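Below: one structure, written as structure tokens.
The values are calculated or read from the model by the stated rules, or taken from the named source; none is laboratory data. Quick caveat: nothing in here was measured; it's all calculated off a predicted structure. Reconstructed Cβ throughout: ideal geometry from the backbone, glycine too, with neighbour counts over all protein chains shown. Ligands, DNA and RNA are excluded from the accessible area calculation, which covers all protein heavy atoms including side chains. Shrake-Rupley method; radii C 1.70, N 1.55, O 1.52, S 1.80 Å.
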Amino acid sequence: MDFSDLVATKLKELMKEKDVTTYKLQDLTGIYNSTISQFLTRKTRTIRLEILFIICEALGTNLSEFFADGRFKNAEAHDWLKKKEK
């Protein structure tokens with residue numbers, strides 16, 4: 001699975017677990033709902049680490065716990081391997 005897709009999947013899981021909508025996350029973080037939604041719906045493929053940090057804090061976790069998920073061990077950066085092979 002692409003790394004960016006995995007980050008979005010993990011965020012969706014945490015939001016569901018905490019019963020937090022994108023609108024509630026906007027209230028908790030000050031990050032626009034549209035910014036969060038565009039990443040979660042994959043309209044944009046990137047998220048700044050600072051934004052991820054703030055979202056994690058609002059969801060009661062931290063980056064270390066977030067990335068401790070074993071699925072990240074096999075994640076690949078989109079197109080990175082293709083560029084590396086050239």
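On average over all directions, what projected area in square nanometres does the chain have, based on the convex hull of its Cα atoms?
If I average the Cα hull's projected area over directions, I get 5.7 nm².
Relative to the present Cα-Cα distance, how much length would full extension add between Glu57 and Phe72 at 0.36 nm per residue of separation? Could you put the intermediate results ahead of the total?
Numbers: separation 15, 0.36 × 15 = 5.40 nm, distance 1.93 nm.
Contour length minus Cα-Cα distance gives 3.5 nm.
Report relative contact order for the chain in percent, whole number only (criteria: Cα-Cα under 8 Å, sequence separation at least 6). Working shown, then result.
Working: 57 pairs, mean separation 37.1, N = 86.
43 percent.
Can you compute the FRET efficiency between Thr44 and Glu17 using 1/(1 + (r/R0)^6), with r the Cβ-Cβ distance and R0 = 22 Å? Round to the nearest 0.05. Please list the in-between numbers first.
Working: r = 23 Å, r/R0 = 1.07.
That gives a FRET efficiency of 0.40.
Compute the accessible area per residue over the chain, keeping the other protein chains in place, probe 1.4 Å, unit Å².
70
With a point put 7 Å past each Cα toward its Cβ, work out how far Phe3 is from Glu65 in nm, to one decimal.
Result: 2.3 nm between the two label points.
At a 1.4 Å probe, what is the % contribution of carbon and sulfur to the accessible area of the chain? Each step should come with its number before you reach the end.
Working: 3150 of 5990 Å².
The computed percentage sits at 53.
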